[in-house]
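Below is one structure, written out as structure tokens; the observations come after it.
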């Protein structure tokens with residue numbers, strides 16, 4: 001359990017959901033984990049849970065829409081630990097139901113892009129100078145979304161922002177790979193967390209389970225395990241990749257669920 005031993009990892013948006021799952025697995029693999037988000041009480045609870053299990057973690061306030069708080073996060077982390085090895089860009093506004101184009105206001109569009117794309121860009125920009133000081137560079141893992149895979153009847157701004165994260169991933173990998181900086185993106189499928197479980201209707205869960213290839217929807221640890229691999233030295237030859245962790249949801253034709261209902265394999 002030492003795949004990330006002695007590495008310093010910042011996990012943005014790690015006071016809830018997927019971020020907690022990532023942070024706990026990182027700590028279990030030996031990383032010093034910086035828990036950050038706007039909710040100090042929840043962040044400290046994550047720190048306490050990690051420490052109780054023998055890991056090392058530290059909470060730092062960060063608002064992904066406030067650039068000065070991002071600056072301070074990286075400066076204070078480097079001062080405390082002497083380096084930064086890993087950045088997980090997880091913080092975002094999960095506005096899956098933001099609306100159709102005619103329903104969206106410019107303010108709604110800008111707000112989602114500010115948190116979901118601008119924040120990821122700026123955190124990446126901030127961490128690069130610290131990575132360049134490291135002999136072995138560093139690893140960035142962006143948390144994207146299956147919403148960026150294809151058009152949908154809603155979630156327009158969110159999907160467009162996450163599509164931007166895909167391209168930012170590839171651009172970062174290309175531009176800084178020769179400086180030993182790797183950048184990859186993980187696109188989660190439906191991830192049910194303790195916070196959102198009660199808010200995901202059963203009919204939605206049924207739609208997803210009828211379309212995925214496995215017998216369950218996802219959990220935060222599913223994303224965390226992929227992030228551990230991508231952040232570790234095991235993935236030293238992996239960069240610029242956009243990886244779906246979605247139970248196979250996006251790897252088949254869109255009519256699979258309907259044909260299953262018909263108990264048929266073809267029309």
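The values are calculated or read from the model by the stated rules, or taken from the named source; none is laboratory data. Please read these numbers as outputs of a predicted model, since none were measured by experiment. With ideal geometry, Cβ positions are generated from the backbone for all residues, glycine too; neighbour counts draw on all protein chains shown.
Observations, loosely collected:
- Test: residue 182 is under 22 Å from the mean Cα position of the chain (by Cα), surrounded by 13 or more Cβ atoms within 10 Å (Cβ to Cβ) and assigned to a strand (DSSP E or B): yes
- Set 37, 43: member being out of contact with any helix residue (DSSP H, G or I) (no Cβ under 9 Å at 6 or more places or on another chain) and surrounded by 21 or more Cβ atoms within 10 Å (Cβ to Cβ): 43
- Cβ-Cβ contacts under 8 Å between residues 6 or more apart (or on different chains), taken from a first residue in segment 235-253 that is free of Cβ contacts under 8 Å to residues at least 40 places away in the same chain and on the phi > 0 side of the Ramachandran plot to a second residue that is surrounded by fewer than 17 Cβ atoms within 10 Å (Cβ to Cβ) and not in a strand (DSSP E or B), are listed as 248/213; 248/214.
- Those helices (runs of 4 or more DSSP H) of segment 192-267 in which at least 3 residues are modelled with pLDDT of 85 or more and surrounded by 12 or more Cβ atoms within 10 Å (Cβ to Cβ), considering only elements entirely within it, cover 202-211, 220-231.
- Condition broken by residue 117, with the remaining ones in (1) at pLDDT 95 or above; (2) crowded, with 19+ Cβ neighbours inside 10 Å; (3) closer than 23 Å to residue 27 by Cβ satisfied: (3)
- Test set (1) within 15 Å of the chain's Cα centre (by Cα); (2) at pLDDT below 95; (3) surrounded by fewer than 21 Cβ atoms within 10 Å (Cβ to Cβ) - residue 168 fails condition number: (2)
- Those helices (runs of 4 or more DSSP H) of segment 12-130 in which at least 1 residues are touching a residue at least 40 places away in the same chain (Cβ under 8 Å), in contact with a strand residue (DSSP E or B) (Cβ under 7 Å, 6 or more places away or on another chain) and farther than 25 Å from residue 222 by Cβ, considering only elements entirely within it, cover 67-81.
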